[in-house]
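Student: Sharing a structure, written as structure tokens. Questions coming.
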Amino acid sequence: MRIQFSRANILRNPLMLVGLGAFFRIVWLLAVAIDPVSDGAMYRDFSNSMANGWGYAYPNGVPTAYWAVGASAFYSLIHVLFGAAPVSVAIANLLLGVGIIYFSFSIGDRYFGSSVGTVSGVLMAMWPVLIEFTTVYASELVFIFFLLAALNVWGAGRGVFWQRSVLWGGLLCIATYVRPTALPLFFVLPAIDFLLKKNACSAIFSMIVAILTAALLFAPWVVRNQQLFGSPVLVSVNFGTNLWMGNNPLSDGGYMELPDIPFANEVERDKYFKNEAIQFIMANPLQYLKLAARRAAITYDRETIGVAWNEPALRKLVGDRGLMVIKAVSTVYWWVVLLLAACGVGLLLWRKKSNLLHPLVVVSGFFFIVPILTVGQDRYHMPLNPFLAMFAAVALEAAWRCCVVRRVDGSERAEADGA
């Protein structure tokens, strides 16, 4: 039997998409050395501490729960298994990156068809910031991978129902360990299931099984924090401080240093700043709205964090001018996909108003609004990127089909005129 290959068929093979993404990431990691700065340096130090058996602690040995532990735990496992050499982290990030490409293809294919899945995979394979994060210690790739893995299992509709609930609950728990913003999805996903399928028993059962699974996985960390702080911290103690950064009299909506005020522990500090932020919001609702607009701009006006967190290595490689070029390329790519995604969402809602409850629309809407309500940074929009790729692919497929229809109509008219 002779197998015929076309370009479309080759690209629709997820292995080809994964290979395309792996190629760009391998080229990047061969060219750019890991030189952690800012948050990356903290993740490196935390992961080294855990890998050496000193626990989740600052370099001075003081235990912490301020930062979510998930990403550091992941990188510490990599160090334990493959050594402390930075290349092990780059290879782990590469594998996370190609996994993200596969899940983007799989989810896009399931909900919108193979063409959309393929284009989603291509967009994710070539996305500059996702390639740039190959050489960064960070939570973003780890979070996106486990978030998509959970959504892929949740929406699969295959296998034993309770087992699937255990699996998506466990994967979502890991994502929550990396970023607590995923926690509401334990309730959001079953709610979507109920609204779409009108089966309350199924939705409630799935939610209970997923939450019980997560509770078992959270338990050791909660106990550890109870012993350290006298308070059962679920994941981290930075919600209040982050809320304060985006909402205080001196805030511009983005990150700012915390005042040097002594506290008994991190839990007490977080409670203090949360109360300060809430009081500010309640007393200044108009200012809160202005800051919300500012947070939206800070979060969505660019995509340069991948360059910023690789800056020392990139400056040695390409100089200041090269840095500006890479930042420009990254931001242009971001804006093109963002605008296409907006068209894709608009098209979905125009086709069917009930698509407002589409799982991908709801989940992406949730992650879109979170930084606007709390504190803004451009890296906070990165969990949206796979969903934007899928929506952009919807718009591109529609545009392609429109062009094909016009071409066919034009050919038919020409034939009719000739006859």
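Student: Could you calculate the FRET efficiency of Ala85 with Ala57 from 1/(1 + (r/R0)^6), where r is the beta carbon distance between them and R0 is 25 Å, rounded to 0.05?
Tutor: Working: r = 22 Å, r/R0 = 0.89.
With a Förster radius of 25 Å, E is 0.65.
Student: Calculated FRET efficiency, Ala31 and Arg302, Cβ-Cβ r, R0 30 Å, to nearest 0.05? Walk me through the numbers on the way to the answer.
Tutor: Details: r = 23 Å, r/R0 = 0.76.
Plugging the Cβ-Cβ distance into 1/(1 + (r/R0)^6) gives 0.85.
Student: If I take every Cα pair under 8 Å that is 6 or more residues apart in the range 280-364, average their sequence separation and divide by the length, what percent do I get for the relative contact order?
Tutor: Values: 26 pairs, mean separation 16.9, N = 85.
Here the relative contact order equals 20 percent.
Student: Would you work out if the chain is rounded, prolate or oblate? Take a ≥ b ≥ c from the square roots of the eigenvalues of the alpha-carbon gyration tensor; rounded if a/c is under 1.5, else prolate when a/b is larger than b/c, oblate otherwise. Please report the intermediate quantities before stating the final value.
Tutor: Working: a/c = 1.57, a/b = 1.44, b/c = 1.09.
In terms of gyration-tensor shape, prolate.
Student: Here's a follow-up. With springs only between Cα atoms under 10 Å apart, run a GNM on the chain and tell me which of Arg315, Arg379, Arg295 wobbles the most.
Tutor: Arg315
Student: Using Cα pairs under 8 angstrom and six or more residues apart, how large is the relative contact order of the range 208-340, in percent? Working shown, then result.
Tutor: Numbers: 100 pairs, mean separation 24.5, N = 133.
RCO, the range 208-340: 18 percent.
Student: What does a probe at Cys402 reach in the range 318-360, counting residues whose amide N is under 16 Å from the point 7 Å along Cα→Cβ?
Tutor: From the range 318-360, the list is 339-352.
Student: How much accessible area per residue does the chain have, in Å², with a 1.4 Å probe?
Tutor: Working: 20090 Å² over 419 residues.
Using a 1.4 Å probe on heavy atoms only, each residue of the chain averages 48 Å².
Student: What's the angle, to the nearest 10 degrees (0 to 90), between helix 114-126's Cα axis and the longest principal axis of the chain?
Tutor: Its long axis makes an angle of about 50 degrees.
Student: Remind me, relative contact order of the chain in percent, using alpha carbon pairs under 8 angstrom and six or more residues apart?
Tutor: Numbers: 587 pairs, mean separation 74.3, N = 419.
After rounding, I find 18 percent.
Student: Decide, for the range 245-351, between rounded, prolate and oblate: order the square roots of the alpha carbon gyration tensor eigenvalues as a ≥ b ≥ c, take rounded if a/c falls under 1.5, and otherwise choose prolate if a/b is larger than b/c, else oblate. Don't skip to the answer; put the middle values down first.
Tutor: Values: a/c = 2.86, a/b = 1.32, b/c = 2.16.
Verdict is oblate for the range 245-351.
Student: Let me ask another. I need the semi-axes of the equivalent ellipsoid of the range 32-181: take the C-alpha gyration tensor, multiply each eigenvalue by 5, square-root it, list largest first in whole angstrom.
Tutor: Details: eigenvalues 174, 75, 26 Å².
They are 30, 19, 11 Å, listed from largest to smallest.
Student: Just to confirm a number: summing +1 for Lys and Arg and -1 for Asp and Glu over residues other than Ala341 whose beta-carbon lies under 15 angstrom from that of Ala341, what do you get?
Tutor: Once all neighbours under 15 Å are counted, the net charge is -2.
Student: Can you bin the range 50-106 into rounded, prolate or oblate? Criterion: square roots of the alpha carbon gyration tensor eigenvalues sorted a ≥ b ≥ c, rounded for a/c under 1.5, prolate for a/b above b/c, oblate for the rest.
Tutor: On the way: a/c = 3.57, a/b = 1.78, b/c = 2.01.
Judged from the Cα gyration tensor, the range 50-106 comes out oblate (a/c at least 1.5, b/c at or above a/b).
Student: Test of understanding: in a Gaussian network model of the chain with alpha carbons linked when under 10 Å, which of Val223, Val345, Val18 would top the mean-square fluctuation ranking?
Tutor: Highest fluctuation of the listed residues: Val223.
Student: Which angle from 0 to 90°, rounded to the nearest 10, does the C-alpha axis of helix 14-31 make with the longest principal axis of the chain?
Tutor: That works out to roughly 50 degrees.
Student: If you don't mind, there's one more thing I want to ask. Between the helical axis of 359-373 and the dominant principal axis of the chain, each derived from Cα atoms, what acute angle in degrees is found, rounded to the nearest 10?
Tutor: Tilt of helix 359-373: around 40 degrees.
Student: With θ set to phi - 60°, apply the Karplus curve 6.51 cos²θ - 1.76 cosθ + 1.60 along the range 194-209 and write out the HN-Hα couplings as whole Hz, x wherever there is a Gly or Pro.
Tutor: 5, 5, 7, 9, 6, 10, 5, 4, 4, 5, 5, 4, 4, 5, 5, 4
Student: Considering only the other residues whose Cβ falls under 11 Å of the Cβ of Arg302, what net charge follows from Lys and Arg at +1 and Asp and Glu at -1? Present the calculation step by step, with values, prior to reporting the outcome.
Tutor: Details: positive: Lys327, Arg379; negative: Asp301, Glu303, Asp378.
Summing Lys and Arg as +1 and Asp and Glu as -1 gives -1.
Student: Ignoring everything except DSSP H segments at least 4 long, calculate the 222 nm mean residue ellipticity for the chain; use -39,500 (n - 2.57) per segment, divide by total residues, nearest 500. List each step's numbers first, then the result.
Tutor: Details: 18 runs with 306 residues, N = 419.
Rounded to the nearest 500, it is -24500 deg cm²/dmol.
The values are calculated or read from the model by the stated rules, or taken from the named source; none is laboratory data. Since this is a predicted model, take the numbers as computed values, not measurements. Glycine also receives a Cβ, built like all others from the backbone with ideal geometry; neighbour counts cover every protein chain displayed. Just so you know, the surface numbers come from the protein's heavy atoms only, side chains and all, with ligands and any DNA or RNA stripped out. Shrake-Rupley method; radii C 1.70, N 1.55, O 1.52, S 1.80 Å.
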